[in-house]
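The values are calculated or read from the model by the stated rules, or taken from the named source; none is laboratory data. These numbers were taken from a predicted model, which means no experiment stands behind them. Reconstructed Cβ throughout: ideal geometry from the backbone, glycine too, with neighbour counts over all protein chains shown. When the accessible area is computed, the model is the full protein with side chains, heavy atoms only, and any ligands, DNA or RNA have been set aside. Shrake-Rupley method; radii C 1.70, N 1.55, O 1.52, S 1.80 Å.
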Amino acid sequence: MNDCIFCQIAAGTIPAAVVYTDDDFVAFLDIRPVSAGHLLLVPRLHAERLTDLPDAVLARELPLAARLARAILATTGATDFNLFNTNGAASGQEVFHHHLHVIPRMTGDGLKVTITPVAYGPGEAAELAGRIAARV
Ligand code: 5GP
Ligand code: ZN
């Protein structure tokens, strides 16, 4: 897509600090990193969400994310990492071309994901699990 920033980075028409590229994927440093080495792994195929991609692309994505995570940790000295993915505006997606964030982490780095858990009523979890299971 012409007006998609990640398609343009993948095509090389917009500069980025690229760390990996092949026929199907490109990975580059996030321009507003959560921590030094924060990467975005992006399929060249323009698809808004994880759920819009063919299985063949998805099957390659996770091994590549693991490979990138190993390289980030070896390079930055970070001990840990997060994989993060947004799907839709309510989830925080800002660039509507699917991507995985690979984020280096260290004990005490001060980053916090704050979650206030919702509570299930009696029997509610089992009932919901059953309804989801019927659609998987
Ligand atoms: P999202 O919130 O959509 O999951 O994350 C999009 C990410 O893309 C953000 O972390 C943002 O910093 C990054 N980003 C947005 N525009 C650019 C860009 O032009 N270049 C690079 N390298 N990263 C970008
Ligand atoms: Zn795109």
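A few comments on the model shown:
- Listed residues G121, G108, G77, most fluctuating in the chain (Gaussian network, C-alpha, under 10 Å): G121
- Taking V102, V95 and ordering them by how much accessible surface each has at a 1.4 Å probe, largest first, produces V95, V102.
- Helix 55-76 axis, angle to the chain major axis (alpha carbon atoms, nearest 10°): 70 degrees
- Dipole moment magnitude, nearest 20 debye, segment 5-109 about Cα centre, only Lys, Arg, Asp, Glu C-beta charged: 200 debye
- Ellipsoid equivalent to segment 5-109 - semi-axes via the Cα gyration tensor, in Å: 21, 15, 14
- Per-residue ellipticity at 222 nm, computed for the chain from helices alone with -39500 (n - 2.57) per DSSP H run of at least four residues, works out to -9000 deg cm²/dmol.
- D22 - accessible surface, heavy atoms, 1.4 Å probe, Å² rounded to 10: 30 Å²
- When only Cα pairs below 8 angstrom with a gap of at least 6 residues are kept, the chain shows a relative contact order of 23 percent.
- Heavy-atom accessible surface of the chain, averaged per residue, reaches 65 Å², computed with a 1.4 Å probe.
- In segment 5-109, the portion of solvent-accessible area held by carbon and sulfur atoms comes to 59 percent [1.4 Å probe, whole percent, DNA, RNA and ligands not counted].
- Radius 15 Å from Cβ of I72, net charge of other residues (Lys, Arg +1; Asp, Glu -1): 0
- Computed from Cα atoms, the angle from the helix 124-133 axis to the main principal axis of the chain rounds to 50 degrees.
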